[in-house]
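This report concerns only the one structure given below.
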Amino acid sequence: MPDFRVASRRRYLVCEPRHFAVRYAINPWMHPDRPVDVALARRQWRTMVDTYRDHGHTVETVRPEPDLPDMVFAANAAVVVGGRVLGSLFLAPERRPESVPYETWFKAEGYEVHRPGSVCEGEGDLVPAGRWILAGTGFRTTREAHHEAQEFFGVPVIGLTLVDPYFYHLDTALFALDEENVAYYPEAFSPGSREVLARLYPDAVLATREDAMAFGLNSVSDGRHVFVSPGATALAARLADRGYVPVPVDLSEFHKAGGGIKCCTQEIRS
Ligand code: ARG
């Protein structure tokens with residue numbers, strides 16, 4: 001088995017699930033009538049944070065707001081590349097107010113926040129991948145926001161169309177393994193977008209539908225360790241074959257809101 005993957009230290013922003021709940025339904029995973037075990041969610045989330053720290057990463061927190069149950073999904077609040085912060089404009093009215101506490105956090109840290117003019121859900125749909133940014137559209141983030149992101153960052157933005165409502169954000173269907181490669185679930189994309197991905201990433205790690213339904217593509221990679229849902233067994237085996245080290249982190253309670261590890265983790269790239 002190859003052992004050449006190198007981890008780099010990352011800076012993550014997260015939000016404690018103190019007020020986590022499923023109170024409305026804005027994706028097919030959400031059923032407000034089904035109970036969420038908030039105590040379990042808090043334990044799972046704590047384990048995720050401890051696991052990041054055990055692997056040498058810096059984890060910072062933004063204070064959770066009582067009436068924003070999805071605020072725990074920190075990835076959606078912004079995308080940060082080269083110290084530039086593109087804030088978010090959420091599609092769902094229920095989530096729109098989340099932009100404020102995150103913007104306040106970034107400003108307190110000395111960042112300026114550029115507010116998008118069109119629906120743009122941060123790292124949920126904008127995935128920095130080395131020399132370019134992969135950008136999802138179809139359910140949330142718009143094509144206009146892709147153009148805005150390209151102008152703002154001065155980095156090529158490659159638009160990809162999502163077609164399966166279960167994989168409504170790009171980060172539920174694809175994640176960056178390192179600067180060179182990605183893992184993804186092909187059927188979540190339109191035929192043309194699948195072709196684009198095959199052209200850009202002939203050596204990509206491909207996931208099965210079971211992996212994707214277990215939130216296996218909602219993973220975080222530091223270049224070596226891949227923090228991945230334990231249900232994504234086929235994907236974990238493929239990652240190990242390619243020299244990555246899968247580190248299982250179980251966020252099953254968050255799946256009930258349509259989120260997983262990556263959704264709960266914003267990466268700050270300075
Ligand atoms: N309930 C949230 C929503 O539908 C979940 C967000 C998950 N975040 C993510 N980055 N995919 O907006």
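The values are calculated or read from the model by the stated rules, or taken from the named source; none is laboratory data. Since we're looking at a predicted model, the values are computed, not measured. Note that we place each Cβ from the backbone using ideal geometry, even for glycine, and neighbour counts take in every protein chain shown.
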**OP:** May I ask you to list the residues in region 3-35 that are more than 12 Å from the ligand (Cβ to nearest atom), over 17 Å from the mean Cα position of the chain (by Cα) and among the basic types (Lys, Arg)?
**Re:** 5, 9, 18, 34
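Quick one: which residue in 234, 204, 198, 145 is out of contact with any Lys or Arg (no Cβ under 7 Å at 6 or more places or on another chain) and crowded, with 23+ Cβ neighbours inside 10 Å? First the steps, then the outcome.
Values: 234 fails: crowded, with 23+ Cβ neighbours inside 10 Å; 204 fails: crowded, with 23+ Cβ neighbours inside 10 Å; 198 fails: crowded, with 23+ Cβ neighbours inside 10 Å.
Checking each option against the conditions leaves just 145.
List the strands (runs of 3 or more DSSP E) that sit entirely inside region 128-190 and contain at least 2 residues that are touching a strand residue (DSSP E or B) at 6+ places or on another chain (Cβ under 7 Å) and of a type in the set (Val, Ile, Thr). Walk me through it before giving the result.
Details: elements: 132-137, 157-161, 174-176, 182-184.
Here the list reads 132-137, 157-161.
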Original post:
In this structure, is residue 223 on the phi > 0 side of the Ramachandran plot, modelled with pLDDT of 95 or more and crowded, with 19+ Cβ neighbours inside 10 Å?
Top reply: no
Original post:
Hey, among 229, 219, which residue is within 15 Å of the ligand (Cβ to nearest atom) and over 18 Å from residue 56 (Cβ atoms)?
Top reply: 229
